[in-house]
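Have a look at the structure below, then the notes.
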Amino acid sequence: MSTETPKISDAEWEVMKVLWASAPRTAGEIVEALEGSRDWNPKTVRTLIKRLTEKRAIGYNQTGRVYSYYPLVREEECVQSETRSFLKRIYGGTLRPMLVNFLQDEKLSREDIEELKRILDERKD
């Protein structure tokens, strides 16, 4: 796995989700997996695959003329990187204002509140 998490665009995330769910996959299989959720032509998906390969977010194996793609970064790494980037851009890197904003604006169920309490209690230890 890569040591530095590449910056992945929103469109590239869609391709990564397909590969994180099941890899390796050919470009045709990736196109097919995205057909129902995105109105992209195959050329668009192939461009996204090329970009992700250049960013070293995905790798490939070649068998004859067939390329099978697989992720080089874990989904958890990318989610953490995006979360840090979002916090930095929107909240100056500070978690508290984001949490306060979220908790004041969101309608939380009793189950949500209990889950948050459980997580916070675990963090105390």
Fill in the blank from the handout: Packing-ranked peptide list from 46-55, 103-112, highest mean Cβ count within 10 angstrom first, is 46-55, 103-112
Completion exercise
Pseudo-spin-label distance Glu76 to Ser22, built 7 Å along Cα→Cβ, given in nm, is 2.4 nm
Fill in the blank from the handout: For the chain, the longest principal axis of the Cα atoms and the Cα long axis of helix 110-124 enclose an angle in degrees, to the nearest 10, of 90 degrees
Problem - Helix 42-54 vs. the chain, principal-axis angle (Cα, 0 to 90°, nearest 10) - result: 70 degrees
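Give the dimensionless ratio obtained when the Cα radius of gyration of region 57-125 is divided by 2.2 N^0.38 Å.
Numbers: Rg = 19.0 Å, N = 69, 2.2 N^0.38 = 11.0 Å.
Expressed relative to 2.2 N^0.38 Å, the Cα Rg reads 1.73.
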Exercise for the section: For the chain, compute the number of Lys pairs whose alpha carbons are separated by less than 20 Å, excluding pairs fewer than 8 positions apart on the same chain. Expected result: 9
Practice task
Sort 79-88, 59-68 for me by packing, meaning the mean count of neighbouring Cβ atoms within 10 Å per residue, highest on top.
Solution key: 79-88, 59-68
Exercise for the section: Can you pull a Stokes-Einstein diffusion coefficient for region 1-62 at 25 °C (0.890 mPa s), Rh from Kirkwood over Cα pairs, as a whole number of µm²/s? Expected result: 207 µm²/s
Problem - Whole-number Å³ per residue for the convex hull built on Cα positions in region 35-80 - result: 102 Å³
Exercise for the section: Taking Rg and Dmax of the Cα atoms in Å as the quantity of interest, determine which of (1) 15.0, 52; (2) 14.6, 50; (3) 18.5, 56 was computed from the displayed structure. Expected result: (3)
Handout entry: With Cα atoms, 0 to 90° folded angle of helix 10-21 axis to the chain main axis
Key = 80 degrees
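Each reported figure results from applying straightforward, stated rules to the coordinates on display, with no laboratory input. The shown structure was predicted, so the numbers you read here are calculated from the model rather than taken from an experiment. Note: ideal-geometry Cβ built from the backbone for every residue, glycine included; neighbour counts use all protein chains shown.
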